[in-house]
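Dropping a structure here in structure tokens format, bear with me for questions.
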Protein chains: 2
Amino acid sequence: MPIYTPPLKDMEFILHDMLKIHEASTPGYDELDVDFTSAILEEAGKIARDVMAPLNAVGDSEGCTLDNGIVRTPKGFQEAFDLLRAGGWTGLDCDPEYGGQGMPYVLAAAVGEMQAGANMSLNMYPGLTHGAYSAIHAHGTDELKQKFLPKMVTCEWTGTMNLTEPHCGTDLGLLRTKAEPQGDGSYKLTGQKIFISAGEHDMADNIIHLVLAKIPGGPEGVKGISLFIVPKFLVNEDGSLGARNGVVCGNLEEKMGIHGNSTCVMNFDGAEGYLVGEAHKGLRAMFTMMNEARVGVGLQGLSQAQAAYTNAVEYARDRLQGRAVTGTQNPDGPADPLIVHPDIRRALMDQKAFIEAGRAFLLWGATMIDAHHRSDDKAANGLVSLLTPVMKGFLTDKGFESTVQAQQIFGGHGYIEEQGMSQFVRDARITMIYEGANGVQALDLVGRKLASDGGKHVMAFFDLVKSFIKDNAENEALKADFLEPLKAASKDLQAASMFFMQHGMKDPNAALAGSTDFLHLFGHTCLGLMWAQMAKAAQEGLDAGTGDAKFLQNKLVTGRYYMQRLLPETGLRLARITSGATPVMALAAEDF
Amino acid sequence: MPIYTPPLKDMEFILHDMLKIHEASTPGYDELDVDFTSAILEEAGKIARDVMAPLNAVGDSEGCTLDNGIVRTPKGFQEAFDLLRAGGWTGLDCDPEYGGQGMPYVLAAAVGEMQAGANMSLNMYPGLTHGAYSAIHAHGTDELKQKFLPKMVTCEWTGTMNLTEPHCGTDLGLLRTKAEPQGDGSYKLTGQKIFISAGEHDMADNIIHLVLAKIPGGPEGVKGISLFIVPKFLVNEDGSLGARNGVVCGNLEEKMGIHGNSTCVMNFDGAEGYLVGEAHKGLRAMFTMMNEARVGVGLQGLSQAQAAYTNAVEYARDRLQGRAVTGTQNPDGPADPLIVHPDIRRALMDQKAFIEAGRAFLLWGATMIDAHHRSDDKAANGLVSLLTPVMKGFLTDKGFESTVQAQQIFGGHGYIEEQGMSQFVRDARITMIYEGANGVQALDLVGRKLASDGGKHVMAFFDLVKSFIKDNAENEALKADFLEPLKAASKDLQAASMFFMQHGMKDPNAALAGSTDFLHLFGHTCLGLMWAQMAKAAQEGLDAGTGDAKFLQNKLVTGRYYMQRLLPETGLRLARITSGATPVMALAAEDF
């Protein structure tokens, strides 16, 4: 069975050596010194490794069951969830006014990677609650906040997001669920929602559904969508639970993975609900949840890659098979370990070089989210909004690919469920799909984010790269190995942006045909920047003689691998993009 | 539930317009005229679509069960298998001396793609039998052939390949199964084999295991391996079944996919066996099976891509979601079909452009196998041996990727098992692993095949490309769109080969670190050549006014997509290769 190894050392390097969070001016970051942060991460890592990870395979093989409207979660999930609640982990970065710990998101993100890596299905119950919490926190009235948030912060009550209906996923304008006003400020909701993660389960006293629905008479399409709170049990004035509301789980889906999380068909039959935010402005409120959820899904993708990778490394060190082509390395054994073989190393280095930069990318993004929320930094908000589809789409595409590579190291054993590597692949697969399929992320990036505010945010990204290269131009340790490849990648990204600007206005298809390639081109450039920044931090540590020299040298080695063997993909992506719309659109729909 | 659509038109185009098999001088090809071939393919397609495909999901959800040593296959499998037997499909290309139809392999390969695409798990039962048949046919004594082959040709008896043991997969030198000579020419085999596909099941009267084992006192390592026939039931002189032999299924593996095929732990406990070929020369005989099996696995990978693709196309045409960015295309509906969106088309074109060229590549390979077997064409044998790891490794890597893309088109619905797209992904995943994991294929290609016979075969490949380009240099329809990109790809492949020659002798790791990249670089170049040849054939048809003009034009469109958007990957692969061994090997094993 796979084990989970918390990547503590790497997280600490990124947070303190690279991002230097303890020196940042963002309110709350002064608390994040090395000792405090390490203590939190170490404790979270222990829970992930010792409590959550051992239940991962259990969740996969047992799954959830629906019996008479009651959804039973896998054995052990309740106890583990209780432990997360008791430790205050579910409200780590929530508002202290409602019982949260008030920690910055960057810390919650690091903790979240470990919790998702250890047990993605289990971690989705508090994870979705957090998304629902954020939407109510940002858009709900004081009354609603007082009523619902304290119990959601502690996860005594869990939350859900109800968007999808059988006939509409991405295209929410088509949704049919109706919310009839009752004259007393409440609404009655009727309709069916599908793919509702944690929609029903036996681990919480109440479930707070956030539901998109249409108020009759409102505008057509997405402009007529409103957001509602629909609790499973109505909540009395005194906070005690009242009558069972008219929302039930009609079915559980059999899925490729995340079996430990209940994916529900939810039927609303005149269920009582309360408007969150303004009528017909539900999409805006929903996007509060969605943007947070998208970064969270990027984290999930990365987390599965990390979990799978560490197991693949162990296997490659232990499994004896064949001899090194350059001469026997394990003369006392019947064969050498797999890790002597260049192609096994190539696969492991691909994973390692992706994972470490992906982690830096996400944690950097988290610092920008904090800067936005804690000091209203509009530039940070603009940049992280631009990068959110990249974090979601690129890190989950590559995260999945990385789990497949890890599974491949095991040969036939990787295909056997007992070994547990298949689960990483099957669980990671959903991250490319939910919270906006990755094609939708690419569309959001190219069709919306890229040109928003007159292209200001992408220009800010280019400036960032440029300044970094300029500021370190004399650094011989970085020059050839890091700055030049980064410059080349950034040039490819600029050329692609330019191509879209020149052709996209006349022919939107010319831009959209390259949207997924652009997302990957952007992702690689971001990871290239992360590696350059990590290399700089590592070199500084080596020069100053601080830190673990071996660890810092390995950072440089891994970074060089990324720059030499992975980053050059930007050129290919650019070539695809500049081939334009014709190859993609030339075939008639009936000719496929 | 997915449907299976036989790609008849495309197969016929490849066989007759591109490969012109009916004009080839290979003995037996004169029978393969358009009418005869079409009749066979049409009938095979019907069985695949109407009989095998409807059982695909059944096999996945029911799986196989082991009960008191008896393995039960999914409902309906027996009847479908009987139908394949009754139609003579199991012996299509087998030797008429043993009851086969004596058809060329190229026809069997086309039929095989459809059978595997419709139901990979079911098709593995006759598929493995064919591999065992080939090994006995090539290396067995007349007595063994007379005794076993007729019943294997009809699949009354099925066959297996027993190589892997718990501690050794690729590294067969480590195997422990022993074969003790009994003095009467027979042996007693004792040991355990794992991952034995179709090792035990309830669909045949007898199961003929081909088993690798060591005769005590023989040479160490792979030079001491012999191949044996071990029947489940001993066979009497008169051909009737005798005593139960000492080989039993100890367990069934729970796998990620191919649930309809039984993957068995086989325990040999003094089981009676008969030597096939010479003692200690078992590996050579095994490779007869392996090479055939590798091409077959390439076919499987492609077949899953094809099956998944046609379902994705249907879904993309039917599912209404969003509006085309260039203006509404389905004004009477609530939304436009998915297929209007550029990124959906990009994903479909990726699949289509890969699949059609992959099919051409395999069928071209099959003609070379026929040329070798039927007219002892050594050049054809050399070239197809070189290309076998490419067919296996590249077509299964890309085939799997293609099923993931097809699944992605379905959004959340693709993740639900009921929809059936997950099964294509899970089933395709094994093709990258078994019959030599793809990393082993890359090693075989770079470490063995590339330099074999002084590099003669790779030179023959380059000559082929060169001649094609030269012969068609004046063809304006091909020049810019096909010949130039092909030339560039071939140049990249030559540069990579040159890099290996220059560095590989001094430092084998410099070559092996790029082995997987080389396999993909070679694969893309082959598919580029296939597209150039298909484009030529399509253009000839258009010029002559023969054939379906729309179909031929679509070929050109799809080919241009490949050349513009997929083939440029060769440059990236070359860059990775020429970065050499350092980035890959620099980290110490303990530092991962």
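Values in this text are rule-based calculations from the coordinates and carry no lab data. Worth saying up front: this structure is predicted, and the values here are computed from it rather than measured. Methodologically, a virtual Cβ is constructed for each residue, glycine included, from the backbone with ideal geometry; neighbour enumeration extends over all protein chains shown.
How high is the FRET efficiency from B:Lys506 to A:Lys506, r the C-beta distance, R0 51 Å, rounded to 0.05?
Once the sixth-power term is evaluated, E becomes 0.40.
Sticking with this structure for a sec: What is the spin-label model distance, in nm, from B:Lys20 to A:Arg374 if the labels are put 7 Å beyond Cα along the C-beta direction?
With each label placed 7 Å out from Cα toward Cβ, I get 7.3 nm.
Check the straight Cα-Cα distances from B:Lys75 and name the lysines below 21 Å, setting aside those fewer than 8 residues away within the same chain.
Reachable lysines: B:Lys46, B:Lys255.
Please determine, in degrees from 0 to 90 and to the nearest 10, the orientation of helix A:77-86 with respect to the longest principal axis defined by the Cα atoms of chain A, where the helix direction is its Cα long axis.
Approximately 90 degrees, to the nearest 10.
Follow-up question, since we're still on this one. What is the helix-to-structure angle for A:569-578, meaning the angle in degrees between its Cα long axis and the longest Cα principal axis of chain A, kept from 0 to 90 and rounded to the nearest 10?
Tilt relative to chain A: about 60 degrees.
Let me ask you something else. Which percent, nearest 5, of DSSP beta bridges in the protein assembly as shown are antiparallel?
So the antiparallel bridges in the protein assembly as shown amount to around 80 percent.
Something else about it: Could I have the simple spin-label model distance between A:Phe36 and B:Asp205, label points 7 Å from Cα toward Cβ, reported in nm to one decimal?
8.1
Further question: For A:Met289, A:Met505, what ranking results if the residue with the fewest other Cβ atoms within 10 Å of its Cβ goes first? Write down the numbers at each step before the final one.
On the way: A:Met289 26, A:Met505 11.
Fewest-to-most ranking of A:Met289, A:Met505: A:Met505, A:Met289.
A further question follows. When a footprinting reagent is the concern and you count Cβ atoms within 10 Å, what order do B:Arg374, B:Arg346 take, fewest first?
Going from least to most buried by this count: B:Arg374, B:Arg346.
Distance cut-off 20 Å, Cα to Cα: go down the list B:Lys9/B:Lys352; B:Lys378/B:Lys456; A:Lys491/B:Lys398 and report the pairs above it.
Among B:Lys9/B:Lys352; B:Lys378/B:Lys456; A:Lys491/B:Lys398, the Cα-Cα distance tops 20 Å for A:Lys491/B:Lys398.
Counting other Cβ atoms within 10 Å of each Cβ, which GluC sites (Glu not before Pro) in the range B:276-316 have at most 12 and sit in a DSSP loop?
For GluC sites (Glu not before Pro) across the range B:276-316 that sit outside H, G, I, E and B with at most 12 neighbouring Cβ atoms in 10 Å, the list reads B:Glu278.
Please report the spacing between the Cα centers of the range A:168-219 and the range A:231-310 in Å, no decimals.
10
Under 13 Å from the Cβ of A:Gly173, count the other residues' Cβ atoms, weight Lys and Arg +1, Asp and Glu -1, and hand me the total. Before the final figure, lay out the partial values.
Numbers: positive: A:Arg176, A:Lys214, A:Lys223, B:Arg323; negative: A:Glu165, A:Asp171, A:Glu220, B:Asp336.
My count for the surroundings of A:Gly173 gives 0.
Excluding B:Gln564 itself, what net charge comes from residues whose Cβ is under 9 Å from its Cβ, given Lys and Arg +1 and Asp and Glu -1?
In short, +2.
Could you tell me the relative contact order of the range B:8-138? Use alpha-carbon pairs under 8 Å, at least six residues apart, and round to a whole percent.
Reported as a whole number, the value is 23 percent.
Using Cα pairs under 8 angstrom and six or more residues apart, how large is the relative contact order of the range A:158-281, in percent?
With pairs under 8 Å counted, the relative contact order is 31 percent.
Only residues of the range B:21-62 count here: report those whose backbone N is under 16 Å from the spot 7 Å along Cα→Cβ of B:Glu418, or say none.
Backbone N within reach: B:57-58, B:61.
I need to check one value: relative contact order of chain A, counting alpha carbon pairs closer than 8 Å and at least 6 residues apart, in percent.
13
Once every DSSP H run of n ≥ 4 in chain B is given -39500 (n - 2.57) and the sum is divided by its residues, what mean residue ellipticity at 222 nm do you get, rounded to the nearest 500 deg cm²/dmol?
It comes out at -17000 deg cm²/dmol, rounded to the nearest 500.
Specify the angular offset, from 0 to 90 degrees and rounded to the nearest 10, of the alpha carbon long axis of helix B:105-118 from the longest principal axis of the alpha carbons in chain B.
The two axes meet at around 80 degrees.
How far is it, in nm, from the label point at B:Glu278 to the one at B:Arg176 when both lie 7 Å from their Cα along the line to the Cβ?
A separation of 3.0 nm, rounded to one decimal place.
If you count, for every residue in B:425-433, the Cβ atoms of partner chains within 10 Å of its Cβ, what is the mean?
For this peptide, the per-residue mean of nearby foreign Cβ atoms is 4.
What does the structure give for B:256-263 when I average, per residue, the other chain Cβ atoms found within 10 Å of the residue Cβ?
On the way: counts 12, 2, 1, 0, 0, 0, 0, 3.
The shielding value for this peptide is 2.
What is the sum of charges, Lys and Arg at +1 and Asp and Glu at -1, for the other residues whose Cβ falls under 11 Å from the Cβ of A:Glu62?
Values: positive: A:Arg72, A:Lys75; negative: A:Asp60.
Result for the local shell: +1.
Using the Cα gyration tensor of the range A:158-281, with a ≥ b ≥ c the square roots of its eigenvalues, what is the shape: rounded (a/c below 1.5), prolate (a/b larger than b/c) or oblate (neither)?
It comes out oblate by the Cα gyration axes.
About the Cα centre, and with charges only on the beta carbon of Lys, Arg (+1) and Asp, Glu (-1), how big is the dipole of chain A? Nearest 20 debye, please. Present the calculation step by step, with values, prior to reporting the outcome.
Numbers: 51 positive and 72 negative charges, 292 e Å.
Magnitude of the dipole: close to 1400 debye.
Which of B:Trp531, B:Trp89, A:Trp157 comes first, and how do the rest follow, when ranked by fewest Cβ neighbours within 10 Å?
Working: B:Trp531 29, B:Trp89 20, A:Trp157 24.
The order, fewest Cβ neighbours first, is B:Trp89, A:Trp157, B:Trp531.
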